[in-house]
Structures are given as C-alpha cells and as structure tokens.
Amino acid sequence: MAVASSTPETHALPHIAIFPFLAKGHTIPMIHLAHYLHRHSLAAVTFFTTPGNAAFLREGLSGADAAVVELTFPADVPGIPPGVESAEGLTSLASFAVFADATSLLRPQLEASLAEMQPPASLLVTDPFLYWTKASAERLGVPKVSFFGISAFAHVMREVRVRHDPCATLKHDDVDADGNPATFTVPEFPHIKLTFEDFMAPFGDPASIAPMLELDGKLGKAIEESQGLIINTFHGLESPYVDFWNQHVGPRAWPVGPLCLAQPATAPPEARPSWMEWLDNKTADGRAVLYVALGTLAAIPESQLKAVADGLERAEVDFIWAVRPKNIDLGSGFEERTKGRGLVVREWVDQLEILKHETVRGFLSHCGWNSVLESVAAGVPLAVWPMHADQPFNAKFVVDELKIAVRVQTSDRTIRGLVTSEEVSKVVRVLMLGEEGVEAAKKVVRAEEIIIGWCATCILNYEL
C-alpha cells in the first residue's frame, strides 16, 4: 500500500518527508517545524520514526495533520541495550555512536516507504546523525536538506575545530601564567578564546572520543553534501555566525527559528497539570521560582544529583525540578524538607509552558540549544551547566556574548568534573538574588523583544 500524506486536502501542497534522529531533543524542533508548515499551509508532512518513538511523536504532532510512518528498529544490535530505540535509553556516549550507526539498518524500509509515498516527496529533511539518508535520497531522486538543531555559533566553532585543529597545540592540562586553562584564539573571530575542554570534552570520556570523532566526521560530511541546512535560530540572535556560515562554509543555511514559538497551545485549563497549579499558587504568594532541568541524554550520577538537591536546599529559593530518571534517589528527606518551597516532577513536562509562567524567574540548565531558545523566548535568564555535545559552545555564547546567563563551575573546571552543592547554591543565589542575575534578566528580556520583532517580520521570507 502506498504511503500517503494525512488528508486529501493537503495533496496540492508540497509533500515534505521528515526523519528526526531517534532522540526527544532532536525530534521536538522538527515537530515544531511541522506545526509551522501546517499552520501556514506551506506543506503536507510525513514523519518517519520507529515504534518505540511513535507515541511521543504522534502526541507532539497533534493538530499538525501530519502522517507518521513506523520503521521497525532491528533487534539485538551489539552495543545497544535490548529494546532501546531512542538515545535516551543509552548508557554512554560510546554507545551513542553505535546507536547512530545502527540507524542505517533502517535504510531499506525508508527507501521502500519513500518510493511508495503519494503524492511523491518533494523534499526529504533529515537529522545529519542519520548521515546515510543522503544515499537514499540520491537513489530515489528526492532533494535532501539537513536539519541540525544546534546554534549557528556551535556550527561555526565545529568548523573552526576542523579547519585549525586547535587541539594539536592545546592540551587538557595546559595553563597560562595565571594558572587558568590555556586558550585558543579563533582566527575568524579574535574576540573568542576557547579551551581544550571546549573543543574536546563534548565528545565525552576518553573511551568514547574515537568513535564520537568518527561519527562527527560522518555528520559533517552529511551536512556538507546536503542541498541546504535548516537551523533552529534566527538572524537577529546570531547574525555574525549565520553570515559567516553562508559566506565562508556552506551549504546555505536557513535560520527558521525559534521553532518553539510554533508549539501549539497547551491543554485547556480544566486539564492543567498539577505543577502548573503549583506555579499559579506561587504567583499568588508573590514568589519567584527557579526551574531546574538538566537534559534527557546525559547520564548524571546519583551522587551528583544528590549534590544538586543539597545545593537547592541550601540556596533557600523556591524551585521546580524536572528530574530524570524518574526513580532517582535525591537524598533522604530532601523532598519532605523542601515541601512547599520546592516541587520535584518525575514525568515529562512542557518546558516552554513552565518557562513562560510569570513566576519562573530563572533556569538552571544543561545548556542544550532547545532549552536556550525556549528560555530566551520566555525572557528567563539561565544558570548554565554544560555537559557534552554542543553545550560548552552554547554556554560560551550565552555567558560571554549574549550575557544572559551565569556559569556553573565544576570543582576542577572540566566539563566532566563534579559540581559541589556549595557551587549549586552559590550560582542559584547569584541568578535569583544577585546583581549579575538582575543584569542577565534585563538582557534576556531585550533578546526576547528581538525575537518578537524578528519573527513578526522575517520568518516567512525563508523559502526552501
């Protein structure tokens, strides 16, 4: 049976096939893209995913009139835990590379579905971690563009690493005359100085560096050979880096964000989740609340999460913490002692809805790009704690360039180092009560205003 777009009414529109990488953080902005395309009657959309990810995808696509095609993920792949179909179920960055390569086993099913699609696909949009989809698109004669949900700044800094190989001269233990980590000055942007940690820590522990670098090379080639690159940002936020990419790197990048603004309205008031009611009560009491969420991919040790809990308790500020995994032990009596002042949520939450709540005044974040954009869109300053991937570059951008965030420091100033409870408490109080936090709040409100103006006038000018 031919794969069809969702309704007959959409057959006159271009038909875009979208294949996100099998991870929530990679999928969510593509869901928002589908809502945007539907809302403005720009295209019919069909998504590809696997059975283990289909329920999450369908829930997010509610109201977007998009079709979903399920491709069966192979069983018993060496290096991947049994039954795992999404990156959230992995236990290390080394297994992440194995998982990304294993998605290539979906190629025959993808090609069969694309070949049967009615009306035929006008465009295939894929995450570059699905690097093998280029060959599928070429075989079937379907134009393909990449969608990579990282910042333009991170894209350019990755290009800097490839071009200049700064780690050939920088070492992890190099220090300057003052004992601070030695830095590399980016030739194209001399005001930017990066450390060995900024370049290499994103690839994880030493055991994972080789497979992750190999995967990064495949990813870079996938972007290079695409007919274009969709990035979830906007020119008013990252103009120097969008322009540099388009003038000196390529392929052409279309900044179409922040796509979180295309997220449809949430549930009606009668279905309001308990944590939103908790925030409503905080507003009534005149309290400011810190939102805490540390991402979905990094495996944070229980001992580290207990240190976070202790730091939040010491900080004596109101907080709501979306914690994972849901069965984690945060320390004996923590939730009881902070009851009323703090709320721990152990299920999936609508992060943008929380950030937009008027009582939320700060965000302790792992500094994933989706989270940064949502925080800026909501006008909420951040305390950033980067852990891997593009997060160190994002942290550099929001702390040093945008100045909308304060930085959480590990005890040894490396990405993989421990963050003490004292550091958590100190940074939280700086963000929520200190002068640096006040200044970050002023700047993020100005960034929010830029988003509003930019999206009102420019986003529709980009055509694929």
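Bear in mind these aren't lab numbers, they're just calculated from the coordinates by the rules spelled out. What you see is a predicted model, and the numbers here were worked out from it, not measured in a lab. Counting neighbours? That spans all protein chains shown, and the Cβs are built from the backbone with ideal geometry, glycine included.
Put simply, when 175-183, 216-224 are sorted by average Cβ atoms within 10 angstrom per residue, most first, you get 216-224, 175-183. Can you give the FRET efficiency to the nearest 0.05 for SER122 and ALA299, using r as the Cβ-Cβ distance and R₀ = 35 Å? Result of the calculation: an efficiency of 0.35.
Over the chain, Cα pairs under 8 Å with separation of 6+ residues give a relative contact order of 13 percent.
Over segment 270-452, the reciprocal of the mean inverse Cα-Cα separation, the Kirkwood hydrodynamic radius, stands at 16.3 Å.
Loop-located trypsin sites (Lys or Arg not before Pro) across segment 378-435 with a Cβ neighbour count of 16 or fewer within 10 Å are LYS403, ARG413, ARG416, with loop assigned by DSSP.
For helix 421-433, what angle does its Cα long axis make with the longest principal axis of the chain, in degrees from 0 to 90 and rounded to 10? The helix 421-433 is inclined about 80 degrees to the chain.
Relative contact order for segment 270-452: 23 percent, from Cα pairs under 8 Å spaced at least 6 residues apart, divided by residue count.
Normalised by the number of residues in segment 280-356, the average gap of Cα pairs under 8 Å and 6 or more apart makes the relative contact order 33 percent. The GluC sites (Glu not before Pro) found in segment 260-358 that occupy coil by DSSP, while having at most 14 further C-beta atoms within 10 Å, are GLU316, GLU347, GLU358. When the trypsin sites (Lys or Arg not before Pro) in segment 257-327 are filtered for DSSP coil states and for at most 12 other beta-carbon atoms within 10 Å of their beta-carbon, the remaining sites are LYS326.
Only Lys, Arg, Asp and Glu carry charge here, each on its Cβ (+1 for the first two, -1 for the last two); on that basis segment 238-374 has a dipole of about 140 debye about its Cα centre.
Here the chain carries DSSP beta bridges of which approximately 10% are antiparallel, counting only pairs with both residues inside.
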